[in-house]
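Take a look at the structure below.
The values are calculated or read from the model by the stated rules, or taken from the named source; none is laboratory data. A quick note: this is a predicted structure, and the numbers were derived from the prediction, not measured. In this analysis, Cβ positions are derived from the backbone assuming ideal geometry, glycine residues included, and neighbour counts consider all displayed protein chains.
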Amino acid sequence: MKMKRLLMLLLSVATLCYSLSATATIPAGKISASEKIKLEYAMALLAQPFDKIQRCAQIGIIGYQNALSAYYLVGHSPVNKSPVLAYAWALVANHQLEETKNPILLKGQKRTLHFLAANMNMQQIMRAKQYAQQFTADYGQKWPHPPLLDAKKIPTQCQLVIHGVKLTELLHQQQQKLQQ
């Protein structure tokens, strides 16, 4: 049961962070280098302490906002399951992504919002929107404008390390390989 819950959380984070729902249909060994980095990113997010996830979400790091949404989606310790708070944090991330005008990320985030809303009633959705507005009012003044999409600019306290290497270095290595 614990493994199933962890797998659900991992899939939720992957979906919420990068809309990797298509990856689930790719046979093992057929995942691209880009998709592998995204999955490693999602796993690295899961490995962070909850207080770091919450703190980094509050200072406006979109990946962490989606990770926090995933925590609430499945009720991963230390939080209780709350589709309302999961949807609220996904809305917060969506609000920031709208500012970037990145069509690929926006499309993925819209799919995530649709997925989350599918099992909610209108009252829950309205409450989630109120929470999202409150979170934006409470924390939005700390958020970078435009939102950070460049991993090199993420504050040190929110940097991710994967296999002992900073995410920024992994992304740089991946870009170099793709250019060769």
Checked against (1) at pLDDT below 95; (2) surrounded by 12 or more Cβ atoms within 10 Å (Cβ to Cβ); (3) part of a helix (DSSP H, G or I), A128 satisfies every condition except (1)
By residue number, the members of region 112-125 that are in a helix (DSSP H, G or I) and more than 16 Å from L97 (Cβ to Cβ) are A117, M122, Q123, Q124, I125
When you scan region 131-159, how many residues do you find that are in a helix (DSSP H, G or I), within 18 Å of the chain's Cα centre (by Cα) and surrounded by 14 or more Cβ atoms within 10 Å (Cβ to Cβ)?
8
Unmet requirement for K81, which otherwise passes all of (1) in contact with a Gly (Cβ under 7 Å, 6 or more places away or on another chain); (2) under 13 Å from I154 (Cβ atoms):
(2)
Can you work out which of the residues in region 62-96 that are within 9 Å of the chain's Cα centre (by Cα) and hydrophobic (A, V, I, L, M, F, W, C) is surrounded by the fewest Cβ atoms within 10 Å (Cβ to Cβ)?
I62
